[in-house]
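The values are calculated or read from the model by the stated rules, or taken from the named source; none is laboratory data. No experiment lies behind these values; they were computed from the predicted model shown. Note that we place each Cβ from the backbone using ideal geometry, even for glycine, and neighbour counts take in every protein chain shown. Quick note on the areas: whole protein, heavy atoms, side chains included, nothing else; ligands and nucleic acids left out. Shrake-Rupley method; radii C 1.70, N 1.55, O 1.52, S 1.80 Å.
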Amino acid sequence: MKTLDLSGGRETCSFCPKLCRHACPAAEAEGSEQATPTFKQQVAIQAASGQQPLDAERARVLYKCADCSATTVACRHRVSVGDSLLEARGQAVKAGVAPPEIQVLAERFAATGSPYSADLRRRGTLGRPRRGEIGIYPACTTLAHDPGGLPRIMTLLDLTQTEVTTALTDPPCCGYPLLAAGLVDAFRAHAKRVAACLKDFERIAVEGAGCAHTLGVRYAEHGVRLAPTVAPLVDVLAAHTERWRDLAPSEPATKRYAYHDPCALGRRLGRIEEPRAVLRAVLTRPD
Ligand code: SF4
Ligand code: SF4
């Protein structure tokens with residue numbers, strides 16, 4: 001299991017004059033000192049050293065972070081405040097001082113295997129992959145809020161003649177919300193169940209960027225071995241830009257579109273160019 005060295009970053013942040021507070025959406029939204037990366041890191045380092053143990057009030061500070069990595073990009077030392085706070089939340093859970101909402105989440109996962117109360121296992125299937133076939137792993141958010149999303153992805157990939165099958169596991173979520181909540185033991189047990197479901201796959205393409213990072217990086221950090229290689233879905237889409245260009249409308253686009261990089265896709269997985277290549281192809285009028 002990989003152990004992240006967090007203490008150096010926490011110390012750096014603790015002495016930093018809040019140089020990245022403008023980049024942190026939690027600090028901006030809340031407009032409070034407590035939500036600044038510096039303050040949150042001070043709580044984390046004091047808890048880790050035992051200088052000021054966590055109580056319910058200090059533990060709540062650790063949850064004022066979306067793990068979006070925005071400050072990592074802004075920071076000249078590239079400190080990952082998100083990784084630090086996720087680890088510190090694990091201490092809060094162990095000490096029994098995590099916010100009560102965390103227990104609600106734990107119970108929800110125990111009941112449905114996801115952060116949703118609906119049973120998402122009925123909204124797709126776990127395929128039996130043939131050699132070379134890619135498993136499409138849907139985000140539980142899509143299954144919950146857009147049940148037609150997975151069928152649409154499969155229809156889209158049919159156009160590229162890529163051999164794909166659905167890879168909806170039971171439990172139907174990668175488990176990241178457990179890790180983000182500090183429920184580390186539950187996350188590891190959950191991840192092992194997901195990995196067992198995927199043992200026959202050679203490769204999976206993962207719809208959600210956060211799920212792709214969890215399956216491809218966090219599982220290994222927590223000692224869970226996944227048989228298939230993991231790629232974000234956009235990699236498969238970006239391999240077929242010619243096909244998308246063929247399908248682009250013949251009329252020139254009359255609207256302007258804005259693209260927002262998902263945090264995990266851009267900052268964690270480094271996929272900046274791939275989604276833009278797909279969008280350019282879709283919107284480019286053929287000659
Ligand atoms: S992440 Fe970097 S810029 Fe932000 S508080 Fe820590 S050391 Fe300062
Ligand atoms: S990871 Fe995002 S929410 Fe958390 S401290 Fe950094 S910028 Fe703020």
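Whenever a residue of segment 129-142 is within 22 Å of Ala118 (Cβ to Cβ), its partners that are open to solvent by less than 10 Å² (accessible area, probe 1.4 Å) and in a loop (DSSP other than H, G, I, E, B), lying with C-beta atoms within less than 6 angstrom and at least six residues away or across chains, give the pairs Cys140/Ser114; Cys140/Pro172; Cys140/Cys173.
Here is a check on your reading of the model: is Arg108 among the charged types (D, E, K, R), within 28 Å of Arg203 (Cβ to Cβ) and open to solvent by 30 Å² or more (accessible area, probe 1.4 Å)? So Arg108 does not fit the description; no.
Scanning segment 177-208 for residues that are open to solvent by 50 Å² or more (accessible area, probe 1.4 Å) and either farther than 16 Å from Tyr137 by Cα or part of a helix (DSSP H, G or I) (or both) returns Asp185, Arg188, Ala189, Lys192, Arg193, Ala196.
The one condition from (1) more than 14 Å from ligand 2 (Cβ to nearest atom); (2) under 17 Å from Cys263 (Cβ atoms) that Pro99 does not meet is (2). Residues in segment 4-35 that are under 22 Å from the mean Cα position of the chain (by Cα) and either of a type in the set (Val, Ile, Thr) or more than 12 Å from ligand 2 (Cβ to nearest atom) (or both) were compared, and the one that is surrounded by the fewest Cβ atoms within 10 Å (Cβ to Cβ) is Asp5. I'd like the residue in segment 36-55 that is more than 12 Å from ligand 1 (Cβ to nearest atom) and in a loop (DSSP other than H, G, I, E, B) and, out of all such residues, is surrounded by the fewest Cβ atoms within 10 Å (Cβ to Cβ). My answer is Gly50.
If the condition is being in a loop (DSSP other than H, G, I, E, B) and either more than 9 Å from ligand 1 (Cβ to nearest atom) or among the small types (Gly, Ala, Ser) (or both), then segment 12-35 contributes Gly31, Ser32.
Look at (1) charged (D, E, K, R); (2) within 15 Å of ligand 1 (Cβ to nearest atom); (3) part of a helix (DSSP H, G or I) and you find that Lys64 fails only one, number (3).
For segment 109-134, a residue qualifies if it is at pLDDT 90 or above and more than 29 Å from Gly182 (Cα to Cα), and the qualifying residues are Glu133, Ile134.
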